């Protein structure tokens, strides 16, 4: 029963399908001789080797960015077809983290230059699941924070189709999400935003929290690892509530958007020295 509930938190399919995907065998995956933490289906060796070359760096980045080492060994499964990956991830994505395992898909959009970012993105999810527990992480942490943290730590992995400037422009135009203070095991919110826009805006807010007070950000993650409720962890760390922090972020995003637009609208030879 617990597996079914946890799986519902990770996708929109039925509980039965979710449990099947979580328990689906990986026996046909071959251990990569060059990197034993990578396993691949026949036909996926080239992508597996790409992932293997970046795995050490990805682990280091996530452990440093999230302030603690992984609890358990990492295993990455590289699928040979998008259909195979969909059977594990339950959607047509480039990567996912399911039941303590990372899966990568050979989608055309998972180009060689994007492999490191997607690997770090999924390792961020895995890292927090290992420290907090899968059920508690998905029930307690809101989707915007989980995805925003993964995009932030990975340097943009998962949000490549939307730039920071485009995300800020959307915020200035009122196209943004509202940061709920908790997660849910029943659904995932994107507030009507396209996925990459939601991910990029979420990452910008996480980046704002980090830049505002790096020590508070570290304390926030420590609180979550200690299994403090999300809203309480925010208040304990920043000495203010999520609503106030979001208001500050939106104001800053709008100001940055105007600052970028101003030179385009300024008269020539205005005499203003930037």
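The values are calculated or read from the model by the stated rules, or taken from the named source; none is laboratory data. If you're wondering where the values come from, they're calculated on a predicted model, not measured in any experiment. Please note: Cβ atoms are built from the backbone with ideal geometry, for glycine as well, and neighbour counts cover all protein chains shown.
Looking only at residues in region 69-86 that are in contact (Cβ under 8 Å) with a residue 24 or more places away in the chain and exposed (fewer than 15 other Cβ atoms within 10 Å of the Cβ), which one is nearest to residue 195 (Cα to Cα)?
81
Give 156, 183 a once-over and let me know the one that is under 16 Å from the mean Cα position of the chain (by Cα), surrounded by fewer than 23 Cβ atoms within 10 Å (Cβ to Cβ) and in contact (Cβ under 8 Å) with a residue 60 or more places away in the chain.
Values: 156 fails: in contact (Cβ under 8 Å) with a residue 60 or more places away in the chain.
Being under 16 Å from the mean Cα position of the chain (by Cα), surrounded by fewer than 23 Cβ atoms within 10 Å (Cβ to Cβ) and in contact (Cβ under 8 Å) with a residue 60 or more places away in the chain holds for just one of 156, 183, which is 183.
If the requirement is being farther than 22 Å from residue 159 by Cβ and at pLDDT 95 or above, which of these qualifies: 70, 47, 55, 23?
Values: 47 fails: farther than 22 Å from residue 159 by Cβ; 55 fails: farther than 22 Å from residue 159 by Cβ; 23 fails: at pLDDT 95 or above.
Result of the check over 70, 47, 55, 23: 70.
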